[in-house]
1. Of all residues in the range 230-247, which are crowded, with 18+ Cβ neighbours inside 10 Å and more than 15 Å from Ala173 (Cα to Cα)?
2. Tell me which residues, restricted to the range 264-311, are in a helix (DSSP H, G or I), open to solvent by 10 Å² or more (accessible area, probe 1.4 Å), within 15 Å of the ligand (Cβ to nearest atom) and aliphatic (A, V, I, L, M).
3. When you go through Ala196, Ala170, Ala153 one by one, which is the residue that is among the small types (Gly, Ala, Ser), within 15 Å of the ligand (Cβ to nearest atom) and either more than 19 Å from the chain's Cα centre (by Cα) or open to solvent by 20 Å² or more (accessible area, probe 1.4 Å) (or both)?
4. Out of curiosity, is Leu183 under 25 Å from Gly303 (Cα atoms) and open to solvent by 20 Å² or more (accessible area, probe 1.4 Å)?
5. Residues to consider are Glu214, Glu247, Glu242; find the one that is away from the ligand (no atom under 15 Å from the Cβ), in contact with an Asp or Glu (Cβ under 9 Å, 6 or more places away or on another chain) and of a type in the set (Asp, Glu).
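The values are calculated or read from the model by the stated rules, or taken from the named source; none is laboratory data. Values in this document were obtained by computation on a predicted structure and should not be read as measured data. For neighbour counting, all protein chains shown are included, and Cβ atoms are generated from backbone atoms with ideal geometry for every residue, glycine included. Each accessible area value is taken on the protein alone, full model and side chains, heavy atoms only, with ligands, DNA and RNA left out. Shrake-Rupley method; radii C 1.70, N 1.55, O 1.52, S 1.80 Å.
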Amino acid sequence: MALDVGVIGVGMIGQEHIRRLDGGPGGSRVVAVADADAERAAAVAGQLPVAKALPTGEELIASDAVDAVVVTSWGPTHEPYVLAAVAAGKPVFCEKPLATTQESCRRIVEAEVAAGRRLVQVGFNRRYDPAHRALKQAVDGGAIGAPLLVHCAHRNASVPPHYTREMSIADTAIHEIDELRWLVGQEIVAAQVFTARKSSRGGQLQDPLLVLLEMADGVLVDVEVSVNIHYGYEIRCEVSGETGTVELAEPAPVTIRREGTVAGLVPADWRERFALSYDIELREWADTVAAARPPQGPSAWDGYVAQIVSDAALRSLSDGARVAIELPPRPDLYTPTATP
Ligand code: ISE
């Protein structure tokens, strides 16, 4: 069945998602775009077969031509767009973070609960990465016995000039926050952030960081966050269990042995490393909402919980203390079903 999508925010990630959704395998096409930069919106629409540039995100959401909405605008604008889509009864895929404060996320959860059905999906793409899915399958299938410890590393070669100290947690480590809840199937009950000797390449940033997360069943997680690692983009995760360990394999398709060295290519950035996960994520979302089924991926509740944990870690980043986390009761709308 065809799905006519409107995209709000046509910067880098917006354009990547448009490429995936326009003429996609599920019969989706992009029929409208909007952006704070009207010229950019017009330029993007001009390259698409049927898309119109609309003056505002609100008009795009209200348009009869639009069946479903993708929000890839700047984080602080997510809340009003997602709330408007929920009010219009339209499915909405919102890039992470769902919103930039806990209160905004809570308002989105409340609006969706009041609407009585799931409309929102959050772009935590790790859950769609084949390697991460294989990792979860091994853990869930008992390949290593009960998980006890998890070691993660989230490394960016560099970050753009607008990247702030807080973004190491709220924009970068937030991926691990969601991934670990999904991977271990437990909530995070405490967070503590340790600051290492500062990289000379990081300017004013506190880089790197070590984030310790405690899961409800006692599993302990350490996450290295390095955002100026220079050599490339790398995501590591190793789970240590009672009878073995399982870890993400190297993403390089080949290993080259020459002149006394063994080498494999490291992806340059997240677009390259996670291209396939974005393909799968958008395809599954479009197929599901085109079939008039509720989205099955990360929910508004997942976006809200990730924000609560991120805020706790940010508090620890400022004073170094361990911050205990208590979640509000989960509304019935978000009781887990058989999700990917
Ligand atoms: C970016 O927004 C992402 O989502 C990437 O996956 C992450 O590695 C990067 O640090 C973020 O800025």
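1. Val239, Gly241, Val246
2. Answer for the range 264-311, where residues must be in a helix (DSSP H, G or I), open to solvent by 10 Å² or more (accessible area, probe 1.4 Å), within 15 Å of the ligand (Cβ to nearest atom) and aliphatic (A, V, I, L, M): Ala275, Leu276.
3. None of the others qualify; the one that does is Ala170.
4. no
5. Just a single option satisfies the conditions, and that option is Glu247.
The rows are residues; the columns are (1) of a type in the set (A, V, I, L, M); (2) in a loop (DSSP other than H, G, I, E, B); (3) open to solvent by less than 60 Å² (accessible area, probe 1.4 Å); (4) touching a His at 6+ places or on another chain (Cβ under 9 Å).
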residue: Asp4; (1), (2), (3), (4): no, no, yes, no
residue: His17; (1), (2), (3), (4): no, no, yes, no
residue: Pro49; (1), (2), (3), (4): no, yes, no, no
residue: Glu58; (1), (2), (3), (4): no, no, no, no
residue: Pro76; (1), (2), (3), (4): no, no, no, no
residue: Lys90; (1), (2), (3), (4): no, yes, yes, no
residue: Pro97; (1), (2), (3), (4): no, yes, yes, yes
residue: Thr100; (1), (2), (3), (4): no, yes, no, yes
residue: Val109; (1), (2), (3), (4): yes, no, yes, no
